[in-house]
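Below is one structure, written out as structure tokens; comments come after it.
The values are calculated or read from the model by the stated rules, or taken from the named source; none is laboratory data. Note that the coordinates shown come from a computational prediction; the quantities given were computed from them, not determined experimentally. Using ideal geometry, Cβ is built from the backbone for each residue, glycine included, and neighbour counts are taken over all protein chains shown. Remember, those area values only see protein heavy atoms, side chains included, never the ligands or the DNA or RNA. Shrake-Rupley method; radii C 1.70, N 1.55, O 1.52, S 1.80 Å.
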Amino acid sequence: MATENNKHWSVTVKQAEDIIVSAVKYNLELASNPTSGWADKVVLQLIGNPGIGKTALSKSAAKKAGVQFESFCLTQMDPIIIGGMKFFDESKREMYTNKPEWVKTEGEWLILIDEWAQSSLMAKNIFGEPLNEHKIGPYDLSPFLTLILASNPASAKAGTTATPSQIRDRTTDLYIEPSFKEWITMAKENGVHPMVTSYLQFQESAFNQFDPNLDKNATQRSWTKVSQILKMGLNEWGEMACIAGQIGEGFAGGFEAYRRVYMDLPRPESIIADPDNAPIFSSDRSDVLYAIIGMLSYYMNRKNIGPIIQYASRLPGEWGMFLMKDAFTRDKTLCSTKEGSKWLATDGKDMILGTS
């Protein structure tokens, strides 16, 4: 069972990814140049609430470390599938064990064993051999392979079971806590719908809310699913029905109110056609300003950046700066346009210096 004794030293998703990359590289170096008398590999256990992104960050870390990635849920594997099935060889008159499908005996790999905390005691005990000895039965795992576990904490009420003490001592546990700043940047870089990102910037309290007593939660994974729903082309009722079915009725209610604000905004085409006369909203309407920034930054491209910059210069306070920063986060190539470069050299100097 994943405990929670280390909350003070919790890490963000990005920090966890960096640690995994370092662990993989360390294990690769150890395999290439083993220390005399000691070749103990680092085995990390990622502990965090459902939907926080443990699988995604592991896959990303594998790519950055330059190794192949594979994951499987231990709860879905029968003990004989984990350890291999035994057969009788008539010609040799002896038993042998077939190689389990998950076992990699060569190559550079990162293998994530998901739902570790929910798996049975028998499954954990069988997997103790790969964790402790880097082998399973007669098969040695590739010396260039790194194993990682992923678990939910006991507080998540995800049906966790106790882990034997000899296995607990084998893993280095990382307690992962969500970071809004990290997630919102990643979401913009990866095309998450601007209605989602701008809403969460307006209502940060709705980010990564998890209550094990609820059927549906507004986790990072769920908000990404909301983005996908918004791109399905549904009518308003169908869209909101799906969103409520993804994040729950309570969070869907708050999002629906924001959705109305977003849909009532002037269309980006009309702002681009007349940036000097398009309507401007006062700073006391932060909901509208977040919505229009999200919409325009998502819509901005190398052809229309000029008029959008003109419009941004009319926004109150630092809202114009926020719009441009949002747009450059979504598409870094905009910085190299004539208009983008000029803006960075003048109005955007503070952003370059890191003061905004």
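Okay, helix-only estimate at 222 nm for the chain: each DSSP H run of n ≥ 4 adds -39500 (n - 2.57), divide by all residues, round to 500 deg cm²/dmol; what do you get? Don't skip to the end; give the middle numbers.
Working: 16 runs with 163 residues, N = 356.
Estimated from H runs of four or more residues: -13500 deg cm²/dmol.
Phi angles across region 84-96 convert, under the Karplus curve 6.51 cos²θ - 1.76 cosθ + 1.60 with θ = phi - 60°, into 3J(HN,Hα) values of x, 8, 8, 10, 9, 8, 4, 5, 9, 6, 8, 7, 9 Hz, Gly and Pro given as x. In the complete set of protein chains, residue-level accessible area for D18 is approximately 70 Å², probe 1.4 angstrom.
Label reach from K92 (point 7 Å along Cα→C-beta): in region 108-140, amide nitrogens under 13 Å belong to 138-139.
Annotation: F281 carries an accessible surface of approximately 50 Å², with a 1.4 Å probe and no ligand, DNA or RNA atoms counted. Couplings 3J(HN,Hα) for region 215-224, derived from phi with the Karplus relation 6.51 cos²θ - 1.76 cosθ + 1.60 (θ = phi - 60°), are 6, 10, 9, 8, 7, 4, 5, 5, 5, 5 Hz, where x marks Gly and Pro.
Accessible area ranking (1.4 Å probe, heavy atoms, ligands and nucleic acids excluded), largest first, for E108, E101, E204, E256: E101, E204, E108, E256. Dipole magnitude for region 280-356: computed about the Cα centre from +1 point charges on Lys and Arg Cβ and -1 point charges on Asp and Glu Cβ, it is near 360 debye. The candidate values are [x] -0.31, -0.53, -1.13, -1.21; [y] -0.20, -0.36, -1.14, -1.33; [z] -0.43, -0.73, -1.27, -1.28; the one derived from this structure for log10 I(q)/I(0) by the Debye sum over Cα atoms at q = 0.06, 0.08, 0.14, 0.15 Å⁻¹ carries the label [x].
Comparing W116, W237, W183 in a Gaussian network model of the chain where C-alpha atoms under 10 Å apart are linked, the largest mean-square fluctuation is found at W237. Full extension of the chain segment joining D274 with S313 gains 12.7 nm, where the gain is 0.36 nm per residue of separation less the Cα-Cα distance.
Taking the Cα centroid of region 224-268 and of region 270-348, what is the distance between the two, rounded to the nearest whole Å? Answer, in whole Å: 24.
Filter the cross-link list K64/K225; K188/K225; K181/K231; K64/K231; K104/K124 down to pairs whose alpha-carbon distance in this structure exceeds 22 Å. Over 22 Å apart, Cα to Cα: K64/K225; K181/K231; K64/K231. For the chain, the relative contact order comes to 16 percent (Cα pairs under 8 Å, sequence separation of at least 6). Highest mean packing first, where packing is the average number of other Cβ atoms within 10 Å per residue, the peptides 317-328, 208-219 line up as 317-328, 208-219.
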